[in-house]
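The values are calculated or read from the model by the stated rules, or taken from the named source; none is laboratory data. What you are looking at is a predicted structure, and each value in this text was computed from that prediction instead of being measured. Cβ atoms come from the backbone with ideal geometry, glycine included; neighbour counts cover every protein chain shown.
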Amino acid sequence: MYLFILIPIAIFIAYGIRIVRPTELGVVEFLGKYTRTASSGFNWIIPLIQNMYIINVTERRVDIEPQSIITKDKLNAKVDGVVYYKVITPSDAIYNVQNFQSAVPSLTTTTLRAVIGKMTLTEANENRDAINEQVELILDKQVVKWGIKVVRVELQRIEPPEDVQQAMNMVVKAENEKIAALDMATAIETKADGERRAEIKKAEGIATAIKLKAEADGEAIKVVNESAEKYFKGNAQLLKKLETVSEALKNNSKIIIPSNMELINVINDLAGGSVLPIKTKKEE
């Protein structure tokens, strides 16, 4: 008999058991009225009288569907993004909004339209971080009454119409070609400047060599003149003849020597002098 009593009681107790995971919180109602928020772990409610709604309180990621937004310069830009948020107060998320899971993406879409609609397409592309921060700030102020905290908003793309995109690509290509042409002109100018400097250095070297040679020739002439004054005074004609022989020999001039003539006689003839005959031992 006790068994018939214990079994219904056990079923009643088991039916009221609720296990809440660490990533969740439970909203408990008593006859349709909020009573408490159950924490993670073992919880028990009165069956049929109490009810529990379990809410995940971890960070959620919601994709914003691509949408066309008219920018300030009257262009239809295709925009999509991602919003990250988490439930802070489960009771507010249930009682202050009909369905927060669909309300947050819808509000994000509306906010994106309002923010990007005040910018030109170029400004929107250049200020994505600022747009993210502004949308996050506006959203956070709106959803706080829903017990929700917006963690961050990220724009994934802002695409202009196809014809505008093609025009932008052409502009970018032209800019790149302009930069490449300027770089090429700079390289050619640098090369020409280097060659000019090299020619200048070469000319300076040649001029220096000519100057040094002239100085050396002058010094040599000075030495010759001094020697002429000292050793050939009154014999200028003889000195001139010796110089002629020296120049002839220095320039590798070809001289035909008769087979019956001594070398010293050839040199003597070139100098215009006379050589005394060399006596042999027999003649002595």
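Of note:
- Every pair of residues 6+ apart whose Cβ atoms lie under 6 Å, when the first sits in region 100-115 and is aromatic (Phe, Trp, Tyr) while the second is in a helix (DSSP H, G or I) and buried (at least 19 other Cβ atoms within 10 Å of the Cβ): 100/93; 100/146
- Residue match in region 14-31 (condition: modelled with pLDDT of 85 or more, outside the structural domain of residue 105 (by TED's automatic domain parsing) and at positive phi): yes
- Yes/no for residue 53 being of a type in the set (Ser, Thr, Tyr) and touching a residue at least 60 places away in the same chain (Cβ under 8 Å): no
- Restricted to strands (runs of 3 or more DSSP E) entirely inside region 1-112, those with at least 3 residues that are touching a Pro at 6+ places or on another chain (Cβ under 6 Å) are 76-87.
- Pairs meeting the criteria (first residue in region 145-169 and part of a loop (DSSP other than H, G, I, E, B) and at pLDDT below 85, second residue surrounded by 13 or more Cβ atoms within 10 Å (Cβ to Cβ) and not polar (S, T, N, Q), beta carbons under 9 Å, at least 6 apart or on different chains) are 160/75; 160/77; 160/78; 160/121; 160/168; 161/75; 161/77; 161/78.
- Count of region 60-82 residues which are surrounded by 13 or more Cβ atoms within 10 Å (Cβ to Cβ), touching a helix residue (DSSP H, G or I) at 6+ places or on another chain (Cβ under 8 Å), within 14 Å of residue 156 (Cβ to Cβ) and of a type outside the set (Gly, Ala, Ser): 5
- Exactly one residue among 116, 94 is more than 42 Å from the chain's Cα centre (by Cα), surrounded by 18 or more Cβ atoms within 10 Å (Cβ to Cβ) and over 22 Å from residue 12 (Cα atoms), and that residue is 94.
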